[in-house]
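Let me begin by presenting the structure, written as structure tokens, before commenting on it.
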Amino acid sequence: MCEIKEISSVMTSALKMLQSGGIYKKRAELKLVLDYYSDKITAQDALKALNREVQLGIRVGKLRDTDMPYTRSQGLERARYASSFEQRKLESYEIRELISEYLSTRMTGKSLAKKYDISEATVSRLLRRSGIDTNTRARTLSSAFRSGGTKIGC
């Protein structure tokens, strides 16, 4: 038995399972995990392999698309570099525009995030704080009460 506490434990466990010969269905996935964590393939390569299995009916799931042409260590380095900079903050007029666009168009949170150069999580947080129900694309009644009867962000 191997306790999973960190990545090295995951790699040790995956390697032991592969060497045991008792893994059949998940063998390819374990190999992908080992290759990715050993920096032999990029995240995009791993995703393409999983998508191929979905297309062939070997595994069930959604086809996923990503733009991560980095190995694990390259991705970690980029994340460390990016996190050393302050995140972009929207001006109040930009927040009003974003909310207005969300309510009046069919733009997704993902497309708004790209347009305003912020994360999807930030878009979601702005909408939620403004009392927008993302399921119905409408303001919630409670948001009007929270803001003293005035509309937040508009």
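The values are calculated or read from the model by the stated rules, or taken from the named source; none is laboratory data. The structure presented is a predicted model; accordingly, all values stated were derived computationally and were not measured. Glycine also receives a Cβ, built like all others from the backbone with ideal geometry; neighbour counts cover every protein chain displayed.
I'd like to verify a number: residues in the stretch 16-37 that are part of a helix (DSSP H, G or I), charged (D, E, K, R) and without any contact (Cβ under 8 Å) to a residue 12 or more places away in the chain, how many?
Residues of the stretch 16-37 part of a helix (DSSP H, G or I): 16-20, 27-37.
With the extra rule that they be charged (D, E, K, R), the set shrinks to 16, 27, 29, 31, 35.
Filter again for without any contact (Cβ under 8 Å) to a residue 12 or more places away in the chain, leaving 27, 35.
Number satisfying all stated conditions: 2.
Among the criteria (1) without any contact (Cβ under 8 Å) to a residue 24 or more places away in the chain; (2) within 20 Å of the chain's Cα centre (by Cα), the one SER13 does not fulfil is (2).
Quick check on the stretch 38-49. Is at least one of its residues part of a loop (DSSP other than H, G, I, E, B), at positive phi, surrounded by 12 or more Cβ atoms within 10 Å (Cβ to Cβ) and more than 18 Å from the chain's Cα centre (by Cα)? Lay out the reasoning, then the answer.
Of all residues in the stretch 38-49, those part of a loop (DSSP other than H, G, I, E, B) come to 38-42.
Adding the requirement that they be at positive phi leaves 39.
From what's left, surrounded by 12 or more Cβ atoms within 10 Å (Cβ to Cβ): 39.
Applying the additional criterion that residues be more than 18 Å from the chain's Cα centre (by Cα) yields 39.
There is at least one residue in the stretch 38-49 that is part of a loop (DSSP other than H, G, I, E, B), at positive phi, surrounded by 12 or more Cβ atoms within 10 Å (Cβ to Cβ) and more than 18 Å from the chain's Cα centre (by Cα).
Taking the listed residues LEU76, LEU103, the one that is in contact with a strand residue (DSSP E or B) (Cβ under 9 Å, 6 or more places away or on another chain) and not in a loop (DSSP other than H, G, I, E, B) is LEU103, with no other qualifying.
Identify, please: which residue in the stretch 59-73 is more than 18 Å from MET11 (Cα to Cα) and surrounded by 12 or more Cβ atoms within 10 Å (Cβ to Cβ) and is, among those, modelled with the highest pLDDT? Among residues in the stretch 59-73 that are more than 18 Å from MET11 (Cα to Cα) and surrounded by 12 or more Cβ atoms within 10 Å (Cβ to Cβ), the one modelled with the highest pLDDT is TYR70.
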